[in-house]
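Before any comments, here is the structure.
The values are calculated or read from the model by the stated rules, or taken from the named source; none is laboratory data. Quantities reported herein were computed from a predicted structural model and do not represent experimental measurements. In this analysis, Cβ positions are derived from the backbone assuming ideal geometry, glycine residues included, and neighbour counts consider all displayed protein chains. With ligands, DNA and RNA removed, areas are computed over all heavy atoms of the protein, side chains included. Shrake-Rupley method; radii C 1.70, N 1.55, O 1.52, S 1.80 Å.
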Amino acid sequence: MVEFNFKFALTPAIGEGGISYGDIKLLKGKLTDAKGNLEKLRKDGVIGLYDVPEDRQVVKDIKNMAEKFFSDGIKTLFVFGMGGSSLGAIFLQNALKQTIDKTVNKKMKVLFSENIDPAYLSNNIEKLNLDETLFCFVSKSGSTIEVVSQFFIIKEKLENKFKDGYKEHMIFITDKKSGFLRNFADENNISVLDIAANVGGRYSIITAGSLFPAYCMGLDIDEFLNGVISARNNILAKEPLDANPVYTAASIIYLYYTQRKRNMFLIDTYGDYLNEFGRWFRQLFAESLGKDLKSPTPVKATGATDQHSQLQLYMDGPQDKLSCFICLKDYGFDYNINSKGFEKYAYLNGKKLSELLLNELSGVELALAMKGRPSFRITVDKINEFTMGELSFICMEMVPVLGNLLEINPFDQPGVEKGKKFAYLLMGRTDSSFASEMEELKRLQKIEDVAF
Ligand code: PA5
């Protein structure tokens, strides 16, 4: 179960500079429109967020594929994917580490490459027993340069060892119809799983892109999808103003951004196993909403660690932040602190370590409120596949609702595409659709470097 508490976002707690529940109610028309727009996109099949999790054939295909490789003796899965195409699975691996460690029939050790650092790649692949390794290339477009370039490196390495048998050590997860990976898989008989056409990278935690690696880790992907569907049903059953946490959170972020100049959205996860969730949420937020000169900038922090790193700034720096704290009720393990005999620390005696963590969070909320700095809190009961499914859906719906309020299309990423085009040009690829980038590149290359 996931609980929301917005007390520290509203005027009674933070004073005049805050927003009131009345301000949220004034958004009723916009919120109803947002709900209607998303419903229409769902009905028209444009977005798969709501219905793809129901498609249990996808789960069957994932399991069959993984079991086949498992029975072939594959013990390590090495996943290559950029942005949304790897962050979902990395989030699940981090969050559910305790479950994975305890899983008796663990399928495979799962590694990721979400960058193109040659030293990292070499350091990881040189240690592998290639006979027992499966290389998994995840790319919705099937043509992302970082993934494709690493595919060529791995292919060469595998061919040197296995000749044509290299194909048995590869799997692609990509669009059903188009892209380099899809075509290569079809022409060369490489194992492939599909990513639904109507689910983009950062929403792909509900597709094979994340669920295949998750299953290989030994996670219960049915339970994860049950969590997604449960949250979906709960949220969709409510009207936007009917104690609806997704619409309330989106409204609060929107109002603070548009009316109170809160340009920074702080995602502060309390606990180590929510760390990668924070990275996943930051990417979902940034890439979906950062358009048309709009949107707060998401910033990621980890409590209590970053209380000793960034908190000073959040407390006394510019009044431009809204904080979202995410914590657990039950951390899955606990210690009782025994400070008997240490008078100065008597107040700690018999307290749990998680109690200290959560009280540190409460302390931060109170101190921020005292300085008129808003925040809200999301509490997850405990980490398991189901609750991580719930949490994922809540974020994946909140972002498009906010996108609707900001009048931004949360499902495209034109800025990323532009950066990719420049990189292609610099690597020597030409294309008539790169004409404007080519012009700009020529102009900038004429300007001398200012370097020391
Ligand atoms: O969320 C997104 O859409 C992006 O982060 C993509 O996932 C990323 O650019 C990789 O794209 P692709 O999956 O096409 O390789």
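Legend: P(r) of the range 52-219 from all alpha carbon pair distances, 5 Å bins from 0, whole percents, reading 2, 9, 19, 23, 24, 15, 6, 2, 0. The mean accessible area for residues of the range 388-452, using a 1.4 Å probe and ignoring ligands and nucleic acids, is 58 Å² per residue. In this calculation the C-beta distance from Q319 to E168 is compared with R0 = 35 Å, giving a FRET efficiency of 0.05.
Just the number, please: carbon plus sulfur as a percent of the accessible area of the range 397-452, 1.4 Å probe, no ligands or DNA/RNA counted. Of all accessible area on the range 397-452, carbon and sulfur atoms account for 57 percent.
Grab the beta carbon distance between E440 and D292, set R0 = 30 Å, and tell me the FRET efficiency rounded to 0.05. Don't skip to the answer; put the middle values down first.
Numbers: r = 20 Å, r/R0 = 0.67.
Computed FRET efficiency for E440 and D292: 0.90.
Summarising the label geometry, the points placed 7 Å from Cα in the beta-carbon direction at I145 and N188 lie 2.1 nm from one another. Simple point charges give the picture: +1 on the Cβ of Lys and Arg, -1 on the Cβ of Asp and Glu, and for the chain a dipole about the Cα centre of about 500 debye.
Non-local lysine pairs in the range 66-156, meaning eight or more places apart or on different chains, with alpha-carbon distances under 16 Å, amount to 11. What is the distance in Å between the Cα centroid of the range 94-130 and that of the range 368-441? Cα centroid to Cα centroid, the span is 25 Å.
Quick one: accessible area per residue over the range 52-219, 1.4 Å probe, rounded to a whole number of Å²? The partial results should precede the final answer.
Working: 7020 Å² over 168 residues.
Averaged over the residues of the range 52-219, the accessible area is 42 Å².
Straight-line cross-link partners of K35 among the lysines, defined as a Cα under 24 Å from its Cα and at least 8 positions apart when in the same chain: K25, K43, K238, K291, K294. Remark: spin-label model distance S433-E132 equals 4.4 nm, labels positioned 7 Å along the Cα→Cβ axis. Between the beta carbons of D72 and D117, assuming R0 = 25 Å, the FRET efficiency works out to 0.25 to the nearest 0.05. What base-10 log of the normalised intensity I(q)/I(0) is obtained for the chain from the Debye formula, alpha carbons as equal point scatterers, at q = 0.11, 0.13 Å⁻¹? Rounded to two decimals, the profile gives -0.95, -1.25.
Element breakdown for the range 52-219 at a 1.4 angstrom probe: carbon and sulfur atoms account for 49% of the accessible area.
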